[in-house]
Amino acid sequence: GNSVTQMEGPVTLSEEAFLTINCTYTATGYPSLFWYVQYPGEGLQLLLKATKADDKGSNKGFEATYRKETTSFHLEKGSVQVSDSAVYFCALRGGNEKLTFGTGTRLTIIP
Amino acid sequence: DSGVTQTPKHLITATGQRVTLRCSPRSGDLSVYWYQQSLDQGLQFLIQYYNGEERAKGNILERFSAQQFPDLHSELNLSSLELGDSALYFCASSVDPAGFSSYNEQFFGPGTRLTVL
């Protein structure tokens with residue numbers, strides 16, 4: 001079945017540092033890949049997505065590229081802010097429509 | 001605001017009890033999904049409905065059931081509650097027009113936090 005392996009957290013960075021959160025997946029066929037973010041006390045919000053190989057999703061300074069050859073979808077941001085502190089989930093969606101999530105990575109940015 | 005609403009926001013109940021969680025999808029969305037987020041299991045898919053019919057089932061316990069009504073709102077019923085059912089329950093919705101569903105974004109509600117004492 002489908003699965004997502006996500007970098008263990010928590011991750012603590014200083015403001016303006018470079019962020020990478022690793023995500024790799026196992027899936028049959030050609031899944032769509034997503035990063036969701038969960039701010040404290042809130043629900044999940046879609047951060048970015050990519051629907052086919054070599055697509056790059058981007059939003060709010062975050063980027064992730066769908067790499068089929070390495071089955072990866074790593075999340076990156078060049079300069080993080082305190083407001084980026086949240087839990088980040090990598091997810092995939094295959095033909096059966098449901099989302100399969102990674103375990104989540106808690107990110108804390110200190111000023 | 002995703003447009004998906006869930007009630008109640010918090011629910012505290014005792015073991016052995018039964019509760020109902022409610023979800024109203026975004027206007028125009030035909031498909032509703034339920035997910036459970038717990039500390040030990042992470043985020044897991046429970047069940048999906050499309051236009052009133054069950055479409056897919058995930059790791060949903062037999063003590064749990066759901067339905068989608070003609071107005072497209074959905075309810076998740078949890079019975080014979082156990083301590084381990086304490087979790088955040090999310091509802092999501094997507095358009096999912098018939099015959100094309102692989103890439104439609106799922107919009108999540110704020111969740112219902114269930115605490116079983």
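Numbers below:
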item: Projected-area mean, segment B:44-90, by convex hull of Cα positions, square nanometres; result: 3.4 nm²
item: Percent RCO, i.e. relative contact order, over chain B, from Cα pairs under 8 Å lying at least 6 residues apart; result: 37 percent
item: Selection of chymotrypsin sites (Phe, Trp or Tyr not before Pro), segment B:8-117, meeting DSSP coil and at most 15 other Cβ within 10 Å; result: B:100, B:103
item: Cβ-derived FRET efficiency at R0 22 Å, residue A:69 paired with residue B:105, nearest 0.05; result: 0.30
item: Square roots of five times the Cα gyration tensor eigenvalues for segment A:1-102, Å; result: 23, 14, 12
item: Rg and Dmax [Cα atoms of the protein assembly as shown; Å; Rg one decimal, Dmax integer]; result: 17.5, 50
item: Per-residue ³J(HN,Hα) for segment A:9-15, Karplus 6.51 cos²θ - 1.76 cosθ + 1.60, θ = phi - 60°, Hz, x for Gly and Pro; result: x, x, 10, 10, 10, 7, 4
item: Computed magnitude of the charge dipole of chain A (debye, nearest 20; Cβ of K, R +1, Cβ of D, E -1); result: 320 debye
item: Pairs from A:49/A:98; A:52/A:77; A:98/B:57; A:77/A:98 whose Cα-Cα separation, in the structure shown, is over 18 Å; result: A:52/A:77; A:77/A:98
item: Percentage relative contact order, chain A, counting C-alpha pairs under 8 Å, at least six apart; result: 37 percent
item: Over chain B: Kirkwood hydrodynamic radius from C-alpha pairwise inverse distances, Å; result: 14.2 Å
item: Label zone at residue B:20 (point 7 Å along Cα-to-Cβ), backbone N below 16 Å, segment B:34-70; result: B:64-70
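Computed from the coordinates by the stated procedures, all read-outs in this text should not be read as laboratory data. Keep in mind that what you see is a predicted model, and the values were worked out from it rather than measured. Reconstructed Cβ throughout: ideal geometry from the backbone, glycine too, with neighbour counts over all protein chains shown.
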